[in-house]
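*Asks:* Would you mind keeping the following structure in view while I ask a few things?
No lab work stands behind these numbers, since they all come straight from the coordinates. Values in this document were obtained by computation on a predicted structure and should not be read as measured data. Every residue, glycine as well, gets a Cβ built from its backbone with ideal geometry; the counts of neighbours run over all protein chains shown.
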Amino acid sequence: MSKFKTMLSMITRNPLATGGVVLLGMHVIMLSLNLMNHRFPVFIIQNLVGILFLSVVLLIGYFRKVNYPYIVLLTAVGVWVQIHIAIAMLGIDAGFQNYFFATLATGFFLTFSSKHKNTPLIAKFIESMSLVMYVMSVMHGEKVQPVYHLTEQELFIPHIVNTIFVLITITYFSDCYRNLLKSSVHRLQRAAERDELTKLYNRRGIRYFFDKLQERWERESQPYMVAILDIDDFKEVNDTWGHNEGDKVLAAIADVLTRYADGTTWFCRWGGEEFLVLSQLSKSKSQNLGILNSILADVRKIRIEEKDHVIQVTVTIGCAFSEPDMLIHELINKADNALYRGKSSGKNQVVLAE
């Protein structure tokens, strides 16, 4: 059962695997129809071969015996063979040559769904061969007599069914590509707004929340708080134990801050060893000061243990609350001044701006 769930997960997460399963299902349907009317015995063999081939390809993909792009290429080659057999049986008026556009869409999507080093080459091969074979099938299809001669009325249904299926396939991969593009844009946006080491917002990312709270302050007089947190004697940590250890300290403090993010409080790596706290005052000022003191206490508990040493640090926090007619940069300066008063009067404390 667990293996079945794993395979089902692989199929649903991978659009190309989903397409392979749908194609397998279509072969099963076509086989059933051919078995019922016994009109085209060659198609019975063709669909049996198609079912066997796709089943083997999907199993190879599941057990990962072959790299992903090569599995897609193998599937495309199998589909091309099936298309040529179908055209030879019924001619181009049945519309089987339109499936070359489906494999073209597959090659295009493969480019964006695999990071394998040979993916671009394989994708271009699938795309170019799909176009070449489509053009050749149209150019020479009229000259080749099919094995089965059907009337226009009899060819109408397979032509419509094939065209609809191809359009659905192209639409499906277009939608998958759009979702993939949205996901990539979201990742890029997140990367642009987050600090790589701490995963907290950077200055660019926190700016949106600054503007949001300032607008609410000007419109509804809804106050907010800015606090700046600085690691005490951080230079000594870097000088004594190295920057790798310093990075561990920054990451550990970021973990502490993240625990206090609740949808009304945001944290930012302001620069170097400084962090900025921005909070909408849904709580009272004393409650917000209490949270800052809790952060102070939690940082004291951090222990970064190595083989020959243990690193413990403290922080100093300066905070300020919004006031009428005060701009954002003025509020930050007030919090910064409070921070430096804390640094000069003993460190390891929360200092409220005067």
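*Asks:* I need the trypsin sites (Lys or Arg not before Pro) found in the range 263-303, filtered to DSSP loop residues with at most 14 other beta carbons within 10 Å of theirs. Don't skip to the end; give the middle numbers.
*Replies:* Values: sites: Arg269, Lys283, Lys285, Arg300, Lys301, Arg303; in loops: Lys283, Lys301, Arg303.
Listed in order of number, the matching sites are Lys301, Arg303.
*Asks:* Give a quick list of trypsin sites (Lys or Arg not before Pro) in the range 101-144 that DSSP marks as loop, anything other than H, G, I, E or B, with at most 13 other Cβ atoms within 10 Å.
*Replies:* Numbers: sites: Lys115, Lys117, Lys124, Lys143; in loops: Lys115, Lys117, Lys143.
Sites meeting the loop and neighbour criteria: Lys115, Lys117, Lys143.
*Asks:* I've got another one for you. By the scheme Lys and Arg +1, Asp and Glu -1, what is the net charge of all other residues having a beta-carbon under 12 Å from that of Pro69?
*Replies:* Charge balance in the 12 Å sphere: +3.
*Asks:* Another question about this same structure. Here are several values of Cα extents along the principal axes in Å: (i) 70, 58, 49; (ii) 96, 56, 37; (iii) 58, 56, 43. Which one was derived from the coordinates shown?
*Replies:* Among (i) 70, 58, 49; (ii) 96, 56, 37; (iii) 58, 56, 43, the one calculated here is (ii).
*Asks:* How far, in degrees from 0 to 90, does helix 119-141 lean away from the longest principal axis of the Cα atoms of the chain, to the nearest 10?
*Replies:* On a 0 to 90 degree scale, this one is about 30.
*Asks:* How do the peptides 147-156, 218-227, 74-83 rank, highest first, by the average count of neighbouring beta carbon atoms within 10 Å per residue? Write down the numbers at each step before the final one.
*Replies:* Values: 147-156: 12.2, 218-227: 16.8, 74-83: 19.0.
In descending order of packing, they fall as 74-83, 218-227, 147-156.
*Asks:* Additional query: May I ask you to list the lysines whose Cα is less than 19 Å away from that of Lys343, ignoring any residue fewer than eight positions away on the same chain?
*Replies:* Within the straight-line limit of under 19 Å, Lys343 reaches these lysines: Lys235, Lys334.
*Asks:* Hey, another quick one. Working from Cα positions, state the angle (0 to 90°, nearest 10) between the long axis of helix 203-220 and the longest principal axis of the chain.
*Replies:* The helix 203-220 is inclined about 70 degrees to the chain.
*Asks:* Helix 99-113 sits at what angle to the longest principal axis of the chain, using alpha carbons and giving 0 to 90 degrees rounded to 10?
*Replies:* Its long axis makes an angle of about 20 degrees.
*Asks:* Through the Karplus equation 6.51 cos²θ - 1.76 cosθ + 1.60, θ set to phi - 60°, convert the phi angles of the range 315-324 into ³J(HN,Hα) values in whole Hz; use x for Gly and Pro.
*Replies:* Values per residue, Gly and Pro as x: 9, 10, 10, x, 9, 8, 10, 4, 10, x Hz.
*Asks:* So what's the projected area for the range 205-354, the Cα convex hull averaged over all directions, in nm²?
*Replies:* Working: hull surface 35.4 nm².
That works out to 8.9 nm².
*Asks:* Right, here's the next one. Using the structure shown, select from Lys115/Lys199; Lys124/Lys182; Lys248/Lys283; Lys117/Lys248; Lys117/Lys182; Lys248/Lys347 the pairs with a Cα to Cα distance greater than 27 angstrom.
*Replies:* Over 27 Å apart, Cα to Cα: Lys248/Lys283; Lys117/Lys248.
*Asks:* Out of residues 5 or more away from Asp232 or on other chains, whose amide H comes under 5 Å of its own, with H placed 1.01 Å from N in the peptide plane?
*Replies:* Excluding prolines and chain starts, which carry no amide H, the hits are Thr314, Val315, Thr316.
*Asks:* For the chain, what does the helix formula give at 222 nm: sum of -39500 (n - 2.57) over DSSP H segments with n ≥ 4, over the residue count, nearest 500 deg cm²/dmol? Write out the running numbers ahead of the final one.
*Replies:* Numbers: 12 runs with 236 residues, N = 354.
Helix-only estimate at 222 nm: -23000 deg cm²/dmol.
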